Ligand SMILES: C=C(O[C@H]1C=CC=C(C(=O)O)[C@@H]1O)C(=O)O
């Protein structure tokens, strides 16, 4: 960690595999409905310009773009960053990639700084406002039946007494959530358990999550898992999400396996229903065009794990009922290489760093500011109080990472 720069670190790490990078060899800022196709065209064009020397030959070797795309068409900014230096590890092999003339400065070790005292305040949508939005969504769903599911979220602001060091968050998240994907792209930092889409050659994979319980005193993890599997409300929330992914991924595939029954994954803060989807891409595809990873990500985003069912109505209702800008929370986040491989997660359990330090406060540099997000799938029989509690449980990973809870 000390060898990574305190500012501008890029990360995609799970267990002992992943990529970290720094510096900026190229960057694309893009927004709007066409953000995926613009990003796809930009990356493919850029890849034609690179002359690559790669003696390792694993996915993630050679030039890589880290990407984080906005949840909504409007507003929201998306970004792709090609670092100057990338350190990778996969299947026990480690490598380093440098882009440019190879003269990127080696980093001087810099100690990782804790952020001091953390204080919280309401974001654009307070917990009370969130409860009201959920209650309103439930009322509409019961009265009109227009929506089957909607995912509503809210935010929370955290201020730190000392400057914010992204590496501190990354270290704590990766230590406590090793099975999640710990990411950082342009100030969006988190540890998400949900894999939107991975492409390795002709193989694709996704892990759809929806349906949640969280630890309660006196209940073992086995009891909670059994409760989750037996809950009709959670099963319906999950089925919408799994179906939304499968329906939109299937046209790209010659073969797609979607298990009939979800399984349960256990994290420290929550348990989720999960469906692991696997597919093989068609070699040529007249319906979809070339199955580039970004094209497929555009097709499947937003799944009903973060949008709802039907998708377009749910996205409109999210805008109205949340009344806040999600930014890149709940959008696709991940990386792509020049051979078409890559991994995208859904940016959950994350925070947007709004300032690493406030200039001119006291004698020093003052503290930082981050905006945390969490949301829940709402169906007609959702209970607003329980959804508020569920969102609180989903905020824990970032809160505890900030606070340095061991
Ligand atoms: C929208 C979030 O979680 C999604 C992913 C897993 C389970 C979910 C749920 O049970 O509501 C959500 O669909 C979030 O963490 O902010």
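Derivation of every value follows stated rules applied to the coordinates shown; laboratory data play no part. Not measured: the values here are computed from a predicted model. Here the Cβ positions follow ideal geometry from the backbone for every residue, glycine too, while neighbour counts run over all protein chains shown.
Any idea how far the Cα center of region 262-279 sits from the one of region 100-166, in Å?
Comparing the Cα centres of region 262-279 and region 100-166, I get a distance of 22 Å.
Looking at region 361-406, I'd like the Rg to Rh ratio, where Rg is from alpha-carbon atoms and Rh is Kirkwood's inverse mean 1/r.
Looking at region 361-406, the ratio lands at 1.20.
Which value, to two decimals, describes the C-alpha radius of gyration of region 52-139 once divided by 2.2 N^0.38 Å?
1.77
Got a sec? How would 311, 356 order by Cβ neighbour count within 10 Å, fewest to most?
311, 356
Give the relative contact order (percent, whole number) for region 110-253; include only Cα pairs under 8 Å separated by 6+ residues.
Taking the mean separation of contacting Cα pairs over the length of region 110-253, I get 18 percent.
Using only the Cα atoms of region 133-255, what do you get for the radius of gyration and for Dmax, in Å?
My reading of the Cα-based Rg and Dmax gives 18.6, 54 Å.
Highest first, please rank the peptides 119-128, 152-161, 169-178 by the mean number of other Cβ atoms sitting within 10 Å of their residues.
Top to bottom by mean Cβ count within 10 Å: 152-161, 169-178, 119-128.
Between residue 386 and residue 221, what length in nm is gained on full extension when 0.36 nm per residue of separation is reduced by their alpha carbon distance?
Stretched out fully, the residue 386 to residue 221 stretch lengthens by 57.5 nm.
So what are the chain's ellipsoid semi-axes, whole angstrom, largest first, if each one is the square root of 5 times an eigenvalue of the alpha-carbon gyration tensor?
Semi-axes from the Cα gyration tensor: 32, 28, 19 Å.
Would you list the P(r) distribution for region 111-168, with all Cα-Cα distances sorted into 10 Å bins from 0 and each bin expressed as a whole %?
All Cα pairs, binned at 10 Å, distribute as 21, 29, 22, 16, 10, 1 percent.
Taking region 193-297, how much of its Cα-Cα pair set, in percent, is spaced more than 23 angstrom apart?
The answer is 35 percent, as a whole percent.
Can you sort 138, 370 so the residue with the fewest Cβ neighbours within 10 Å comes first?
Ordered from fewest to most neighbouring Cβ atoms within 10 Å, 138, 370 come out as 138, 370.
Tell me the mean residue ellipticity at 222 nm calculated for the chain from its helices only (DSSP H runs of n ≥ 4, each -39500 (n - 2.57), averaged over every residue, nearest 500).
-9000 deg cm²/dmol
For region 71-97 and region 1-64, what is the separation of their Cα centres, given in Å?
Each part's Cα centre sits 4 Å from the other's.
Sort 265, 96, 346 by Cβ crowding within 10 Å, fewest neighbours at the top.
96, 265, 346
Find the centroid of the Cα atoms in region 297-355 and in region 171-185, then give the distance between the two in whole Å.
Each part's Cα centre sits 19 Å from the other's.
Please list 226-232, 330-336, 386-392, 188-194 highest first by mean number of surrounding beta-carbon atoms within 10 Å per residue.
For the peptides 226-232, 330-336, 386-392, 188-194, the packing ranking is 330-336, 188-194, 386-392, 226-232.
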